[in-house]
1. How many residues does the range 52-84 contain that are outside any helix (DSSP H, G or I) and either free of Cβ contacts under 8 Å to residues at least 40 places away in the same chain or open to solvent by less than 80 Å² (accessible area, probe 1.4 Å) (or both)?
2. If I go through the range 19-51 residue by residue, how many of them are aliphatic (A, V, I, L, M), surrounded by 13 or more Cβ atoms within 10 Å (Cβ to Cβ) and assigned to a helix (DSSP H, G or I)?
3. Only one of V16, V10 is among the β-branched types (V, I, T), without any contact (Cβ under 8 Å) to a residue 12 or more places away in the chain and either open to solvent by less than 80 Å² (accessible area, probe 1.4 Å) or assigned to a helix (DSSP H, G or I) (or both); which?
4. So which residues in the range 39-75 are at pLDDT 90 or above and under 24 Å from V8 (Cα atoms)?
Amino acid sequence: MTASHLLVPVPIPDRVAALIGSCIPPHILEAEFDAECAAREVRRFRGPRLGIEDQADREHALSELARANKLLAAHHPLLTVRPGSSW
C-alpha cells in the first residue's frame with residue numbers, strides 16, 4: 001500500500017503532454033495556466049506586513065485565481081488550483 005504523499009512526481013514526455021492537451025478544450029487549458037500563474041503570484045505576497053500596493057496585487061491575484069478556478073471546477077471539480085498546493 002502506498003501513501004499518496006510519498007509519491008514522487010515524474011515528468012511526462014512532451015508527446016504525451018501534447019496528446020493529453022489535445023483532449024482538453026483550449027479554454028480549460030488556458031484557465032489552468034492562468035490559475036497556476038495566479039497561485040504562484042499569491043504565494044509571492046505572503047507575510048504579516050504587506051504594503052498597500054502588495055495587498056492590492058495579492059487581492060488581484062486571488063480574484064484571477066477564483067475566476068480561473070470557476071472555469072476549471074465547471075469542467076471537473078478536481079482541476080481547481082489552491083495557492084498553497086505543490087502542483
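1. Residues flagged as outside any helix (DSSP H, G or I) and either free of Cβ contacts under 8 Å to residues at least 40 places away in the same chain or open to solvent by less than 80 Å² (accessible area, probe 1.4 Å) (or both) within the range 52-84 amount to 5.
2. Adding up the residues that qualify gives 7.
3. Going through V16, V10 in turn, the sole match is V16.
4. A39, R40
The values are calculated or read from the model by the stated rules, or taken from the named source; none is laboratory data. Bear in mind that the values here come from a model prediction, so they are computed numbers and not experimental data. Heads up, the Cβs are rebuilt from the backbone with ideal geometry, glycines too, and the neighbour counts pull from every protein chain shown. Just so you know, the surface numbers come from the protein's heavy atoms only, side chains and all, with ligands and any DNA or RNA stripped out. Shrake-Rupley method; radii C 1.70, N 1.55, O 1.52, S 1.80 Å.
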